[in-house]
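The values are calculated or read from the model by the stated rules, or taken from the named source; none is laboratory data. Computed from a predicted structure; not experimentally measured. For neighbour counting, all protein chains shown are included, and Cβ atoms are generated from backbone atoms with ideal geometry for every residue, glycine included.
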């Protein structure tokens with residue numbers, strides 16, 4: 001697939017008609033069943049992700065030298081806000097695919113880069129990450145969740161990665177493992193490799209269609225040519241992208257907030273009692289969006305953690321305000337407002353550093369942080 005095949009559909013800027021059309025098509029798309037014929041099938045945003053690939057979305061994030069468009073951080077923030085406002089689930093899946101893609105692009109393993117990146121950019125291949133156990137997840141457990149033992153030709157990996165999004169639909173998995181001496185490796189393995197088991201996604205309060213679940217490794221052999229980085233301490237820093245809880249995560253919260261605030265705004269046309277609520281939330285949205293874009297551009301108006309706490313606060317209050325505006329109909333299963341309220345809870349648990357957790361708890365219990 002090349003750019004000529006996609007003429008008229010490419011989204012080469014964060015604002016414009018092409019982005020508007022993409023978001024509209026994503027918003028109108030339905031989740032697809034993974035198990036055709038199952039009376040209660042697991043759902044997956046296949047149509048939405050296909051639209052993103054056809055629009056060149058994966059190219060936003062990578063350098064021109066490997067076929068990308070090398071968008072600025074500010075442009076990426078705007079793109080994430082627009083996409084997550086259209087569909088949070090598929091945009092969350094996108095963040096996990098991008099986390100794998102960008103790390104592969106930054107790897108010194110040229111052979112692996114050249115074999116995977118073209119297919120990942122076109123959508124012909126798909127990757128995702130299982131690295132939360134190296135950062136925020138299961139850090140209280142002494143034994144590493146996913147362990148690696150060095151061998152003559154590479155490593156043997158055993159254990160599990162507890163939170164992996166979209167493994168069921170990925171052709172390749174980027175996983176992290178820890179050796180007995182504390183050093184870590186990042187590696188890429190085909191999702192159908194011997195010893196890999198991809199568990200069904202958890203039934204989550206929201207975003208169940210992201211198919212987020214555990215991936216188990218039983219005597220999985222990793223060749224040296226499959227290693228992206230390491231062995232070293234804190235291997236993620238060697239392919240550093242953005243800190244946990246950074247502005248990409250916050251941008252998805254802000255995007256979901258926009259959906260809720262826009263709903264309240266529409267309701268306020270005929271219900272004047274909602275005008276003050278809408279105007280207040282809209283002003284808060286504008287302020288947080290401005291801070292986020294400044295931070296993305298390198299202006300230190302606040303820390304990533306402060307921004308994330310503010311975004312979390314806004315998305316919780318905006319979605320619940322939309323539920324109040326929707327009244328009982330919003331509490332009926334299938335109404336978007338009820339779904340938004342469920343999805344907003346996700347930001348209390350997704351890649352949440354301790355400083356953000358503390359700020360959220362202080363606000364919830366009514367004390368100053």
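Conditions (1) within 30 Å of residue 55 (Cβ to Cβ); (2) part of a strand (DSSP E or B); (3) not assigned by TED's automatic domain parsing to the domain that holds residue 32, marked per residue:
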{"residue": "108", "(1), (2), (3)": "no, no, no"}
{"residue": "147", "(1), (2), (3)": "no, yes, yes"}
{"residue": "164", "(1), (2), (3)": "yes, yes, yes"}
{"residue": "173", "(1), (2), (3)": "yes, yes, yes"}
{"residue": "201", "(1), (2), (3)": "yes, no, yes"}
{"residue": "221", "(1), (2), (3)": "no, yes, yes"}
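Within the range 34-62, take every residue that is in contact with a helix residue (DSSP H, G or I) (Cβ under 7 Å, 6 or more places away or on another chain) and in a loop (DSSP other than H, G, I, E, B) and give me the one that is farthest from residue 114 (Cα to Cα).
So the residue we want is 34.
Looking only at the range 101-138, count every residue that is free of Cβ contacts under 8 Å to residues at least 40 places away in the same chain and within 17 Å of the chain's Cα centre (by Cα) and tell me the total.
So the count comes out to 1.
Residue-wise test of (1) buried (at least 17 other Cβ atoms within 10 Å of the Cβ); (2) on the phi > 0 side of the Ramachandran plot; (3) within 17 Å of the chain's Cα centre (by Cα).
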position	(1), (2), (3)
99	yes, no, yes
145	yes, no, no
176	yes, no, no
205	no, no, yes
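Does the range 265-288 include one or more residues that are in contact (Cβ under 8 Å) with a residue 24 or more places away in the chain, buried (at least 20 other Cβ atoms within 10 Å of the Cβ) and under 30 Å from residue 213 (Cα atoms)?
The answer is no; no qualifying residue exists.
Residue 301 versus (1) in contact with a helix residue (DSSP H, G or I) (Cβ under 9 Å, 6 or more places away or on another chain); (2) modelled with pLDDT of 95 or more; (3) surrounded by fewer than 19 Cβ atoms within 10 Å (Cβ to Cβ): which is the lone unmet condition?
Residue 301 satisfies all of (1) in contact with a helix residue (DSSP H, G or I) (Cβ under 9 Å, 6 or more places away or on another chain); (2) modelled with pLDDT of 95 or more; (3) surrounded by fewer than 19 Cβ atoms within 10 Å (Cβ to Cβ) except (2).
For the range 335-359, which residues satisfy the criterion of being touching a residue at least 12 places away in the same chain (Cβ under 8 Å) and farther than 15 Å from residue 318 by Cβ?
Keep residues of the range 335-359 that are touching a residue at least 12 places away in the same chain (Cβ under 8 Å), which gives 336-348, 350-353, 355-356, 359.
Passing the criteria: 350, 351, 352, 353, 355, 356, 359.
Looking at the structure I just gave you, is residue 328 assigned to a loop (DSSP other than H, G, I, E, B) and not assigned by TED's automatic domain parsing to the domain that holds residue 74?
On the way: assigned to a loop (DSSP other than H, G, I, E, B): no; not assigned by TED's automatic domain parsing to the domain that holds residue 74: yes.
Taking the combined requirement at face value, the residue does not satisfy it.
Given the conditions (1) within 20 Å of residue 112 (Cα to Cα); (2) in contact with a strand residue (DSSP E or B) (Cβ under 8 Å, 6 or more places away or on another chain); (3) free of Cβ contacts under 8 Å to residues at least 24 places away in the same chain, and given that residue 192 satisfies all but one, which numbered condition is not satisfied?
For residue 192, the exception is condition (2).
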